[in-house]
Each structure stands twice: as C-alpha cells, then as structure tokens.
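Below: the structure, in structure tokens.
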Amino acid sequence: MAPAPGSAPFIEGTFGASDAAVTACRDLLASQTEGGVTVVGSEFSQANSAVYMRVGANGAPWRCLVGDDGSNPSVEFQGSEGTL
C-alpha cells in the first residue's frame, strides 16, 4: 500500500533513530493494530525522531513521532482511507 498523496515523506531503508525510539513506536502501534508491525525506516531529529512502519499483509504505512529517548510516541496512519 502506497502512502497517501500529500502525506509526509515516508522513509524506507534508512535507520537513524535510537533503539528506544523504535521500540516505543513499535510497541505503541502493535497495541493499536493487528497483523504484525514491521519497522522499515527511521530518522533522527533533536526535536522528534520519526519511525516508519508497515502493518499487516497489505503493508499499511504508519509514521510515529517520538523523543529519541522513547518518550511520548504518537502514531499516524499515512495511507489513503479511500473516498467517503
């Protein structure tokens, strides 16, 4: 599944965030979804690191913003939810 047009950039294959940040994001998303979470990329920032994950067989794209120490993770679906 491709990220929705106009969504934030979706990084795959590059890893820069700390293990604590990645673990906090993966654990939060796993507690809110079903189908398995795969971390596909991350980037470090002093303000908030970003962790990019895919969920389930369709690889639904999710992004998590988190302190690099793992504090305050926040997940956001990056795919298209279709037309309403």
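What follows draws every value from the coordinates through simple rules; no lab data is involved. Here the structure is a predicted model, which means the values were calculated and not measured. Don't worry about glycine lacking a Cβ; one is built from the backbone with ideal geometry, like all the others, and counts go over all protein chains shown.
How would Thr23, Thr14 line up from fewest to most surrounding beta-carbon atoms within 10 angstrom?
In order of increasing Cβ crowding within 10 Å: Thr14, Thr23.
Alpha carbons only, please: Rg and Dmax for region 23-75, in angstrom.
Both quantities, over Cα of region 23-75: 10.4, 33 Å.
Near the amide H of Val40, under 5 Å away, which other amide H atoms are found, from residues 5 or more places off or on another chain, if H is placed in the peptide plane?
Correct list: Tyr52, Met53, Arg54.
Suppose every Lys and Arg Cβ carries +1 and every Asp and Glu Cβ carries -1, with no other charges. What dipole size does the chain come out with about its Cα centre, to the nearest 20 debye?
Once rounded to the nearest 20, the dipole reads 160 debye.
Could you work out how much longer the chain between Asn72 and Asn58 gets when fully extended? Use 0.36 nm per residue separation minus the Cα distance between them, nm to one decimal.
2.3 nm
Which residue, chosen from Ala57, Thr14, Gly35, occupies the Cα position most advanced towards the positive end of the dipole of the chain, where the dipole is computed from +1 (Lys, Arg) and -1 (Asp, Glu) charges on Cβ about the Cα centre?
Result: Ala57.
Which ordering of Leu65, Leu29 is given by a fewest-first count of other beta-carbon atoms within 10 Å?
Placing the least packed residue first, the sequence is Leu65, Leu29.
Over the chain, calculate the relative contact order: mean separation of alpha carbon pairs under 8 Å at least 6 apart, over the residue count, as a percent. Mind dumping the intermediate values first?
Values: 185 pairs, mean separation 27.4, N = 84.
Taking the mean separation of contacting Cα pairs over the length of the chain, I get 33 percent.
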